[in-house]
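I have a structure here, written as structure tokens, and I will follow up with some questions on it.
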Amino acid sequence: MAYKVGVIKGDGIGPEIVNEALKVLDKVSKVYDLDFSYTDILMGGISIDKTGEPLTDEAVKTAKAQDAILMGSIGGNTTTSPWYKLPPEKRPEAGLLRIRKELGLFANLRPAMLYSELKEACPLKQSFIPQGFDLVMVRELTGGLYFGDRETKEIDGKLVAKDTLTYSEDEIRRVAIKAFDIAEKRKKHVTSVDKANVLDSSRLWRKIVEEVARDYPDVRLDHMLVDNTAMQLVKNPGQFDVILTENMFGDILSDEASMISGSLGMLSSASLNETKFGLYEPSGGSAPDIAGKGIANPIATILSAAMMLRFSFDQDKTADSIENAVKQVLKEGYRTIDLISDEHTGVVKRVNTAEMGDLIADRIV
């Protein structure tokens, strides 16, 4: 099978960590007889430096011609970088917002997994995570409060601000379908998170999710209020498989889930549209302070490549091989610096960015 992969290496540590993910994909292509063709796409600060724009029309056209996009990190130091002296629409992150819109990326996937070898890095009590956890947050990405009408005006001499939370049934249905499709590849359990005891938008959310659930009789559906979900994530995260929620709730809950996983360097993500197309990237930032030092953790980007294989290319076996290789490397005690804590009790073998990529690629079978 042949696949066209757009590659956005981005800024800061982006090129370093993307190179390691490509190294792993090249090993996968040899072991599983797949053909990946890579096309570089400029976006973010590097695109500003070379073209004056965070994302050009030509880059958008190139991105649309790919089967999927693998991305590093976008942006720089917001205090010192000249990029942040530009108008907001010319800054690096504007490219990310535009590409999401141009590609119709409405569903954001944020896995949160605690490897048994990294329990020391988890801030939760060990009694709360006896078996670890492995969940996926599915967040609606292009609707809700963040995209509703808003205004600030003076009424009777006082400033009044208003934001509007709006969802259509079509917006809800399409992200719910994504969540149930993903659950069928996992433990067949969806927890839909809302605030249906207060919000009309949440009551519609719950109604449409229940309609979608009828088409997935083998997937169990639970509903949970967002405040209870926030509590349950730190009390018993192992109860969750796929968490489905709207934009603002997902923004908050996915950050909570990322913190209990121990390190941002382990957290992959994906943004999907209504086809199999997706943009895959690590959840962490560009970390310009460590760029070029060879100490960045590439695992999140490598796991993002595994997500690309699973969700855009339906290559579950090859995705499993990458995830198993990561587990094996961690089991053998190899760590980049962010994964080494004072509380670590096992034998640790510190490695740099390229060495971690090599170790994972070597264990692809």
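The values are calculated or read from the model by the stated rules, or taken from the named source; none is laboratory data. All figures in this text were calculated on a predicted structure; none of them were measured in a lab. Positions of Cβ are backbone-derived with ideal geometry, glycine not excepted, and every protein chain shown enters the neighbour counts. Side chains included, ligands, DNA and RNA excluded: accessible areas come from the protein's heavy atoms. Shrake-Rupley method; radii C 1.70, N 1.55, O 1.52, S 1.80 Å.
Let's test the formula: R0 of 22 Å, r as the Cβ-Cβ distance of Glu169 and Asp255. What FRET efficiency results, to the nearest 0.05?
Rounded to the nearest 0.05, the efficiency is 0.20.
Sticking to Cα atoms, compute the Rg of the range 197-248 to one decimal and its Dmax as the biggest Cα-Cα distance, whole number, in Å.
Cα-based Rg and Dmax for the range 197-248 come out at 12.0, 31 Å.
Can I ask one more? Multiplying the sequence separation of Ala65 and Thr78 by 0.36 nm and subtracting their Cα-Cα distance, what value in nm do you get?
Once the chain is fully extended between Ala65 and Thr78, it gains 1.5 nm.
Further, regarding this structure: Given the DSSP H assignment, sum -39500 (n - 2.57) over each helix run of at least 4 residues in the chain and divide by its residue total; what's the result at 222 nm in deg cm²/dmol, nearest 500?
My calculation for the chain gives -11500 deg cm²/dmol from helical runs alone.
OK, next. Cα-Cα over 18 Å: which of Lys27/Lys349; Lys4/Lys276; Lys30/Lys331; Lys64/Lys101; Lys101/Lys195?
Violating the 18 Å Cα-Cα cut-off are Lys27/Lys349; Lys30/Lys331; Lys101/Lys195.
Which trypsin sites (Lys or Arg not before Pro) from the range 293-344 combine a DSSP loop assignment with at most 13 other Cβ atoms within 10 Å?
Lys293
Could I ask something else about it? For the range 197-275, which trypsin sites (Lys or Arg not before Pro) are both in a DSSP coil and crowded by at most 12 other Cβ atoms within 10 Å?
Arg214
In nanometres, what is the gap between the two model label sites at Asp222 and Lys293, each 7 Å from Cα along Cα-to-Cβ?
So the two model labels end up 4.1 nm from each other.
Between Arg350 and Gln328, what length comes free when the chain is fully extended (0.36 nm per residue of separation minus the Cα-Cα distance, one decimal in nm)?
Once the chain is fully extended between Arg350 and Gln328, it gains 6.4 nm.
Probe radius 1.4 Å, ligands and nucleic acids ignored: give me the carbon and sulfur share of the accessible area of the chain as a rounded percent.
Ligands and nucleic acids excluded, carbon and sulfur give 51 percent.
Out of every Cα pair in the range 120-244, what percent are spaced more than 26 Å from each other?
33 percent
Moving to a separate point now. Got a number for the accessible area of Leu114? Probe 1.4 Å, square angstrom, nearest 10.
Estimated to the nearest 10 Å², Leu114 gives 10 Å².
Still on this structure, I have one more. Would you look at the GNM of the chain, springs on alpha carbons closer than 10 Å, and say which of Tyr280, Tyr334, Tyr32 moves the most?
Tyr32
How big is the convex hull of the Cα atoms of the range 1-53, per residue, in Å³?
58 Å³
Next question. Provide the convex hull volume over Cα atoms per residue for the range 284-365, in Å³.
105 Å³
Restricting to the chain, what percent of DSSP beta bridges are antiparallel, rounded to 5?
Here the share of antiparallel DSSP bridges comes out near 45 percent.
Given the Cα-Cα distance of Glu58 and Ile337 and 0.36 nm per residue of separation, how much length would full extension add, in nm?
96.6 nm
Val234 label point, 7 Å along Cα→Cβ, cut-off 20 Å on backbone N: hits in the range 131-152?
Inside the label zone: 131-137.
Continuing with this model, one more query. Take Lys85 and Lys187, extend 7 Å from each Cα along the Cα→Cβ direction, and tell me the distance between the two endpoints in nm.
5.2 nm
For q = 0.14, 0.17, 0.20, 0.23 Å⁻¹, what log10 I(q)/I(0) does the range 210-289 give under the Debye formula with an equal point scatterer on each alpha carbon and no solvent?
-0.63, -0.90, -1.15, -1.30
Please work out the C-alpha center-to-center distance from the range 59-82 to the range 247-304 and express it in whole Å.
Going from one Cα centre to the other spans 14 Å.
Just the Cα atoms of the chain: what Rg and Dmax do they give in Å?
So, for the chain, Rg and Dmax equal 20.6, 70 Å respectively.
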